[in-house]
Each structure stands twice: as C-alpha cells, then as structure tokens.
1. Taking segment 13-52, which residues are outside any strand (DSSP E or B), within 17 Å of residue 116 (Cβ to Cβ) and touching a strand residue (DSSP E or B) at 6+ places or on another chain (Cβ under 8 Å)?
2. May I ask you to list the residues in segment 184-216 that are within 14 Å of the chain's Cα centre (by Cα) and surrounded by 17 or more Cβ atoms within 10 Å (Cβ to Cβ)?
3. Taking segment 55-83, which residues are in contact (Cβ under 8 Å) with a residue 40 or more places away in the chain, assigned to a helix (DSSP H, G or I) and closer than 12 Å to residue 122 by Cα?
4. Just need a number here: residues in segment 159-183 that are assigned to a loop (DSSP other than H, G, I, E, B) and under 19 Å from the mean Cα position of the chain (by Cα).
5. Going by what's in this entry, would residue 188 be described as part of a strand (DSSP E or B), under 20 Å from residue 229 (Cβ atoms), in contact (Cβ under 8 Å) with a residue 60 or more places away in the chain and touching a strand residue (DSSP E or B) at 6+ places or on another chain (Cβ under 9 Å)?
6. For residue 163, only one of the following conditions fails: (1) surrounded by fewer than 19 Cβ atoms within 10 Å (Cβ to Cβ); (2) without any contact (Cβ under 8 Å) to a residue 60 or more places away in the chain; (3) touching a strand residue (DSSP E or B) at 6+ places or on another chain (Cβ under 8 Å). What is its number?
7. Exactly one of these conditions fails for residue 225: (1) within 30 Å of residue 33 (Cβ to Cβ); (2) at pLDDT below 95; (3) out of contact with any helix residue (DSSP H, G or I) (no Cβ under 6 Å at 6 or more places or on another chain). Give me its number.
8. What is the number of the single condition among (1) assigned to a strand (DSSP E or B); (2) farther than 21 Å from residue 61 by Cα that residue 149 does not meet?
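The values are calculated or read from the model by the stated rules, or taken from the named source; none is laboratory data. Since this is a predicted model, take the numbers as computed values, not measurements. Counting neighbours? That spans all protein chains shown, and the Cβs are built from the backbone with ideal geometry, glycine included.
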C-alpha cells in the first residue's frame, strides 16, 4: 500500500451514529480530512469531500436542453440529488421533478442528519420526490424519463443471475424508461477492481447495442484513493 494512502487511512475517525436497518448496517463516521462519511456494511460509500463523484454523475445531464423529469436509482445519501438541483439552478435550466428511489429510509435519515455538506437541503426541495422502495421495480414501470442516474451496485441482486445478465437487465430497463434522446449515467468501477477491464468491456458492448454517444469519465474521488470510471450514453432519437 502507498505510504500516503496508509497515513490517510490511519487518521483517527469518530463514530457519530450507527444503526442496523431492515436491510444493512449503516454507520456515519467523522474523518479529520474528508469530513463525515457514510459506511454500509463496513464499506465506505461516500464522504463529504467527494464532490467530484456527484459532479461526474450529473455533468452529462447538463447537455440536455430539456431535462424536466429525472430519476436517481439509489443515491440515498442525497449527494447526486443535491448536485442536480444546484447545477440546474446555476445554469437556469428547467427541472420540474427529480425522483430518488432508495430502499433504506435509515440511510436517508442519517445522511440528512450528519452529512448536510453533501446533501444540503435537497431532500426538502419541492422538486425532489423521494420514494423509499425497490429502485429496480420502479424503473421497470417508468417511461418517458429525460434522464436516469444509476447510483447502485454492479453486483447482481439475485443469486441466480450472473453479472453479465445483471448488466443487461439494468440497461434494458433503463433504455425502456427513457424518452428518445434521454441520457443515462452510471458509476462503473474503480481502478483497482480485479476484473475492471472485463466489466468495462461488458458495459461498452451492451451499451453500444442500444445507446449512442457513449462517454467515459475517469475521476479522482478523494476518499476512495483511486480513479473511478463513470459512463454516460444517450438513447437514440
């Protein structure tokens, strides 16, 4: 391990709150450099310093002339939601509704309480519709969306499903939910993932079969200590 990374990881952290939800263990820690951090089942999800993550997720949407109806699958920390609302306001672009679907109310509540630098007042914004439920079931029924942001795992949600099948399942549902010309954006993986090239290859291949204008961003996410790949694409007109 890089010495600098090791020094950062050894910085003293303080547990602010911990709970066992119906779905997972949720913890909020305070880091002296990265600010408050969300951990789920022991894995770091995001820190208050990781604004680059949210910016990378939202930037592709800003190319749309009209993006009034946006969905975020996952994203219970509120960071992507907040970035959408702030970015559209700064650019004076119309944004009527952003629907966030996350399965865990406790994640939302703890982040509202402990991570205001990340989520701001996004959850109380009248344009925000927060649904506590199954994001996969929701997107299966959604239609005519201007944009979809996928802020969930790339690991299969069912034991009988391979990752390749899971990726196809996600992309098919999102493609069906978008209007022609709609934008899709997702976080893909970090640079240290053992089968990173295989995963990115699968995503590129499957995206190219039903989307166009496929773009990749490789961004430094500070508290991850690695480069992270984000992918965006557009549904053909």
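1. So in segment 13-52, the residues outside any strand (DSSP E or B) come out as 13, 21-24, 32-34, 41-42, 48-52.
In the following step, the residues that additionally are within 17 Å of residue 116 (Cβ to Cβ) were identified as 34, 48-51.
Within segment 13-52, 34, 48, 49, 50 meet the criteria.
2. Step one: list which residues in segment 184-216 are within 14 Å of the chain's Cα centre (by Cα), which gives 184-190.
Within segment 184-216, 184, 185, 186, 187, 188, 189 meet the criteria.
3. Within segment 55-83, 79, 80, 81, 82 qualify.
4. Here is the first cut: in segment 159-183, the ones assigned to a loop (DSSP other than H, G, I, E, B) are 159-162.
Narrowing further to those that are under 19 Å from the mean Cα position of the chain (by Cα): none.
Of the residues in that region, 0 qualify.
5. Working: part of a strand (DSSP E or B): yes; under 20 Å from residue 229 (Cβ atoms): yes; in contact (Cβ under 8 Å) with a residue 60 or more places away in the chain: no; touching a strand residue (DSSP E or B) at 6+ places or on another chain (Cβ under 9 Å): yes.
No.
6. (3)
7. (3)
8. Here residue 149 meets the rest and fails (2).
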